[in-house]
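See below for the structure under consideration.
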Amino acid sequence: MWGGRFSAKPAEIMQAINVSIGVDQRLWAQDLAGSRAHCRMLAAKGIIEQADADAILGGLDTIEGEIRSGAFPFRDQFEDIHMNVEARLNELIGEPSGRLHTARSRNDQVTTDFRLWVRDACDRQIVQLQGLQRALLARAEQHAGDLMPGFTHLQTAQPVTLGHHLMAYVEMFGRDAGRFADARARMNENPLGAAALAGSPFPIDRHMTAKELGFDRPMGNSLDAVSDRDFALESLAASSICAGHLSRLAEEIVVWMTPMFGFVTLPDDLTTGSSIMPQKRNPDAAELVRAKTGRIMGSFVALSTVMKGLPLAYSKDMQEDKPPVFEAFDALDLALGAMTAMVAALQPNTQRMAAAAGAGFSTATDLADWLVRELNLPFRKAHHVTGAAVKKAEALGVDLSQLPLAELQALDARVTEAVYKVLTPEASCASRQSFGGTAPDQVRARIADWKTRLA
């Protein structure tokens with residue numbers, strides 16, 4: 001490739017550290033797309049002859065067929081996917097192949113290919129996230145009115161419904177899809193034509209290649225075009241946040257499957273056994289989703305570290321941009337698929353959940369709210385009275401709904417039997433009618449809203 005300047009081949013160690021075809025061969029489809037667009041533009045602008053363009057396009061078609069069939073000779077001696085394609089094109093069509101690289105550099109070629117790949121990956125994640133949201137919506141609709149305990153600090157807080165709990169993740173994954181869409185919109189600019197770093201003296205048409213490759217416009221600065229990896233970093237940031245949400249749900253599945261909770265089970269085909277303990281049913285899929293978060297977040301840190309001190313424009317450090325991105329998206333693809341399968345197959349123990357919903361004095365806030373509404377107590381005073389009621393119930397070994405009226409009246413003589421109407425988990429949930437609350441009607445309204453959004 002640079003034989004005119006260099007008289008010796010790369011040393012063995014230089015070849016070993018420099019070669020990237022084992023990683024970037026995944027960009028073959030994007031590389032061929034970029035080369036076709038560039039070739040057609042060169043011919044349209046009269047920079048190369050149409051006959052040469054036809055030969056190039058025919059050779060690229062042959063290369064695509066070879067790659068798809070597994071016959072393409074990926075060779076380390078040509079370093080990367082770009083030079084492997086160029087070398088094979090030369091073998092197929094001879095001298096016209098050398099005209100394809102007119103008015104471009106590997107610098108703008110690689111960032112174009114990589115940008116196209118990440119754009120496709122973001123589209124794929126949006127589709128997968130919407131599939132997971134639909135699975136969650138289906139389960140939330142089934143359980144919109146089924147009680148469970150809501151937690152803060154993993155301590156029983158207030159009764160909610162299972163549908164409401166699942167809808168929280170619908171919201172989270174909706175934001176994740178939005179982040180991928182935002183990242184996609186920002187990355188959808190064409191770097192091709194920036195050449196090495198300064199642009200090209202040839203009369204190229206960057207708007208033409210942008211249109212053919214589905215970009216909104218060319219990038220506005222040639223230095224930025226070849227050195228920018230914000231698109232990869234932003235997609236990794238979106239992946240990291242999404243992985244965090246997946247990990248939270250995975251953690252809850254793991255906890256809920258323990259015998260101490262007993263809230264849910266998973267079928268045999270989504271769990272594993274033990275090599276020594278025959279009774280075990282392990283939520284390994286959830287645990288592995290939880291673990292992959294570390295790899296995805298690590299990929300963001302890795303690429304951030306690669307990019308943090310690079311002067312403009314291109315440096316070979318950027319060859320290390322693709323491994324963390326490929327690894328992160330591979331892990332996220334698998335995690336999203338596994339979580340969607342688990343959500344669809346979860347078998348909730350609604351009786352166990354409902355029993356737990358009323359435990360731990362979970363309606364204490366409802367008592368405080370009743371004292372505010374009915375007796376006009378300031379909330380802080382009502383909070384104090386309710387705390388005393390909880391303490392008394394705990395001493396008697398009963399729940400608030402079983403605390404004798406006389407005990408409540410000892411705290412405030414104005415308390416009446418009407419208070420017991422708010423001290424059940426069902427009444428507590430039904431009363432939370434504020435927008436976004438856990439009342440079953442509100443849950444069903446949010447489900448309907450999201451169904452419309454995802455239609």
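The values are calculated or read from the model by the stated rules, or taken from the named source; none is laboratory data. Predicted, not measured: the structure shown is a model, and the values here were computed from it. Counting neighbours? That spans all protein chains shown, and the Cβs are built from the backbone with ideal geometry, glycine included. Accessible surface areas use protein heavy atoms only, side chains included; no ligands, DNA or RNA. Shrake-Rupley method; radii C 1.70, N 1.55, O 1.52, S 1.80 Å.
First measure r as the distance between the Cβ atoms of residue 141 and residue 308, then evaluate 1/(1 + (r/R0)^6) with R0 = 56 Å and state the FRET efficiency to the nearest 0.05. Efficiency at R0 = 56 Å is approximately 0.75. Restricting region 36-114 to GluC sites (Glu not before Pro) that sit in a DSSP loop and have at most 13 other Cβ atoms within 10 Å of their own Cβ leaves 49. Sorting the Cα pairs of the chain by distance into bins of 20 Å, from 0 upward, gives 21, 38, 25, 13, 3, 0 percent per bin. The Cα trace of region 90-185 gives Rg and Dmax of 23.9, 75 Å, the first to one decimal, the second as a whole number. Using the Kirkwood radius over Cα pairs, work out the Stokes-Einstein diffusion coefficient for region 320-389 at 4 °C and 1.567 mPa s, in µm²/s as a whole number. Estimated via Stokes-Einstein, D reaches 78 µm²/s. Once the Cα-Cα distance is subtracted from the 0.36 nm per residue extended length, the residue 102 to residue 454 segment shows a gain of 122.2 nm. From the alpha carbon centroid of region 81-149 to that of region 320-348 is 15 Å. For region 363-451, the mean projected area of the C-alpha convex hull, equal to one quarter of the hull surface, is 6.2 nm².
Hey, how many Å between the Cα centroid of region 191-208 and the Cα centroid of region 381-402? Distance between centres, Cα-based: 75 Å. Here, P(r) means the percent of Cα pairs in each 5 Å bin from 0 to the largest distance; for region 1-100 it is 2, 13, 21, 22, 18, 13, 8, 2, 0. In the chain, the sites counted are chymotrypsin sites (Phe, Trp or Tyr not before Pro) in DSSP loop states with at most 12 other Cβ atoms within 10 Å, and the longest stretch holding none of them, exclusive of the sites, is 7-434. Computed over region 176-286, the Cα gyration tensor eigenvalues convert (square root of 5λ each) into semi-axes of 51, 13, 12 Å, ordered from largest to smallest. Taking a ≥ b ≥ c as the square roots of the eigenvalues of the alpha carbon gyration tensor, region 191-241 is oblate, as a/c is not under 1.5 and a/b does not beat b/c. Loop-located trypsin sites (Lys or Arg not before Pro) across region 368-455 with a Cβ neighbour count of 14 or fewer within 10 Å are 414, with loop assigned by DSSP.
For the chain, what are the DSSP H helices with axial Cα length of 27 Å or more and mean Kyte-Doolittle hydropathy of at least -0.5? Qualifying helices, which must be both long enough and hydrophobic enough, are 50-69, 162-187, 230-256, 284-307, 322-345. Sorted largest first, the spans of the alpha carbon positions of region 104-247 along the three principal axes are 70, 28, 18 Å.
Note that the chain presents 47 Å² accessible area per residue, ligands and nucleic acids not counted, probe 1.4 Å.
Pairs of C-alpha atoms in region 237-375 farther apart than 25 Å represent 50 percent of all such pairs. Dipole magnitude for the chain: computed about the Cα centre from +1 point charges on Lys and Arg Cβ and -1 point charges on Asp and Glu Cβ, it is near 900 debye. Here region 245-306 is treated as a Stokes sphere of Kirkwood radius computed over C-alpha pairs; at 25 °C and 0.890 mPa s its diffusion coefficient rounds to 187 µm²/s.
The share of accessible area on region 40-116 that comes from carbon and sulfur is 43 percent, using a 1.4 angstrom probe.
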